[in-house]
Amino acid sequence: MTEAAPHITEQTIIRIMDVLDHTNASYSVEPLPGSYSNFTQTLRIKQEGAEPRKIVVRRYNPKNYEEGHDKPACEFHALRLLRGHGIPAPPPLLLDTDGSLLGLPGIVTGFLPGSQIEPPTEAARWGQMAASNARMLARIHQTPFDDFDKRFLMDDDVEVAWFIKEGVIPHYMREDPDGEMIWHLVNDHWHRRRLTVPRFQHTDYWSGNILWLGDEISAVVDWEEAGYGDPACDVAYARMEYFLEGLPEAADTFLRVYKAETGWQLPNLPISELAACVRPMTDPAGWFTRPYMEERYRQFIADAKDKLLGDG
């Protein structure tokens, strides 16, 4: 369930507008839907003699911090990098790493118009957009980065398999019918994956983080877990969503178009798909919100297992 965003005080809003040179302006605050690990609100600013301006205030939920990961700095730096290479991501405006400006650590960005395609009511359209979705991910993965950029980004070759870090099976995997099997397979195979060139990654690439204007992607949002690593990790997560929504053909289209755009074969896709399947285990009720979703999830797991062991 989405947690309600804490109130932004008038003093905080005035400080934000002062920093952005919007003194003596009127404003209104609106929540943005779909905020999970952060509190995201839109600030509409109206200054006399100027067109209204919208900005987005993102403050990070302290309950969802990963140790050692600076979400504000990660997202702010990722947005700068992406914008510099033509990816439609929100323009970064302000960075507040300690919460002194925003009340919680966070960032302020420009507002980009667009709306999500929301399964299940728009499942057919989501499937139809699989090719466009794949082309955008291919563009993201071809964004160049260097050792300096890595200081801000997550190492996805480590973080995507977070559940094997402690060397014991987490309780939520023990409670899942396929959890122990996946833990053992990922634990046995993860560090024996084929070497691939690390690519810039979103790490949470799904329908809720992609905005559309008509049939065009207007923005890819929510970059607080931007990272680098095997691109199969992003592809696996995106494909899993198609399966859960009953769109396996769209998942295949997504993969086919992605490979055509990049020329990469993704040898580690089966093990990456199994790793992606662990996320729903942490909150089954939140993921399997419709009766058919778990059955499709189990089929995705079975297919990934067959591909992995067949390749072995």
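The values are calculated or read from the model by the stated rules, or taken from the named source; none is laboratory data. Source: prediction; values computed, not measured. In this analysis, Cβ positions are derived from the backbone assuming ideal geometry, glycine residues included, and neighbour counts consider all displayed protein chains. Only protein heavy atoms, including side chains, enter the accessible area calculation; ligands, DNA and RNA are left aside. Shrake-Rupley method; radii C 1.70, N 1.55, O 1.52, S 1.80 Å.
Counting only protein heavy atoms and using a 1.4 Å probe, what share of the accessible area of the chain belongs to carbon plus sulfur, as a whole percent?
Looking at the chain in its full context, I get 50 percent from C and S.
Sorted by accessible area with a 1.4 angstrom probe, largest first, how do 149, 252 fall?
Largest accessible area first, the list is 252, 149.
With +1 assigned to the C-beta of every Lys and Arg and -1 to the C-beta of every Asp and Glu, and no other charges, what is the dipole magnitude of the chain about the Cα centre in debye, to the nearest 20?
For the chain, the charge dipole is close to 500 debye.
Counting alpha carbon pairs within less than 8 Å and at least 6 residues apart, what relative contact order, in whole percent, applies to the chain?
Value for the chain: 16 percent.
Could you give the dipole magnitude of the range 1-124 about its Cα centre, charging the beta-carbon of Lys and Arg +1 and that of Asp and Glu -1, in debye to the nearest 20?
About 180 debye.
For the range 201-271, compute the orientation-averaged projected area of the C-alpha convex hull (one quarter of its surface), in nm².
With every direction weighted equally, the projected area is 5.2 nm².
Taking the inverse of the average 1/r across all pairs of different Cα atoms in the chain, what Kirkwood radius in Å do you get?
Value: 20.5 Å, from the Cα pair sum.
Which value in nm describes the separation of the simple spin-label points at residue 48 and residue 122, placed 7 Å from the Cα toward the beta carbon?
4.0 nm
Over the chain, average the accessible area per residue using a 1.4 Å probe and give it in Å², no decimals.
Heavy-atom accessible area per residue stands at 47 Å².
Looking only at 138, 124, 219, which one moves most when the chain is put into a Gaussian network model with springs between Cα atoms under 10 Å?
The residue that fluctuates most here is 124.
Near residue 305, which aspartates and glutamates are there with a Cα under 15 Å away, not counting those fewer than 8 places off in the same chain?
Output for residue 305: 178, 180, 188, 273.
Among the lysines, which have Cα under 25 Å from the Cα of residue 307 when same-chain residues fewer than 8 positions away are ignored?
Filter leaves 165, 259.
Expressed in nm to one decimal, what extension gain is obtained for the pair residue 303 and residue 169 from 0.36 nm per residue of sequence separation less their Cα-Cα distance?
46.0 nm
For the range 65-136, taking Cα atoms only, what is the radius of gyration to one decimal and the Dmax to the nearest whole Å?
Expressed in Å, the Cα Rg and Dmax of the range 65-136 come to 15.9, 45.
With a 10 Å cut-off between alpha carbons and a GNM built on the chain, which of 238, 25, 302 moves the most?
Looking only at 238, 25, 302, the biggest GNM fluctuation is shown by 25.
Rounded to the nearest 500 deg cm²/dmol, what is the calculated helix-only ellipticity per residue at 222 nm for the chain, with -39500 (n - 2.57) per DSSP H run of length n ≥ 4?
Helices in the chain give a 222 nm mean residue ellipticity of -11500 deg cm²/dmol.
Could you give the distance between the Cα centres of the range 153-183 and the range 242-277, to the whole Å?
Between the Cα centres of the range 153-183 and the range 242-277 lies a distance of 20 Å.
Kindly provide the chymotrypsin sites (Phe, Trp or Tyr not before Pro) of the range 209-312 that DSSP labels as loop, not H, G, I, E or B, and whose Cβ sees at most 13 other Cβ atoms within 10 Å.
For chymotrypsin sites (Phe, Trp or Tyr not before Pro) across the range 209-312 that sit outside H, G, I, E and B with at most 13 neighbouring Cβ atoms in 10 Å, the list reads 292.
Report, ordered by chain and residue number, the lysines lying within cross-link reach of residue 46, taken as a straight Cα distance under 16 Å and ignoring same-chain residues fewer than 8 apart.
Excluding near neighbours in sequence, the set is 54.
As a test of the definition: which semi-axes, in Å, follow for the range 161-312 when you take the square root of five times each eigenvalue of its alpha carbon gyration tensor? Largest first, please.
23, 19, 16
Across the Cα atoms of the range 10-117, what radius of gyration and what greatest pairwise Cα-Cα distance (Dmax) are found, in Å?
14.0, 46
Within the chain, what is the longest stretch that has no GluC sites (Glu not before Pro) placed in a DSSP loop and near at most 14 other beta-carbon atoms within 10 Å?
176-312
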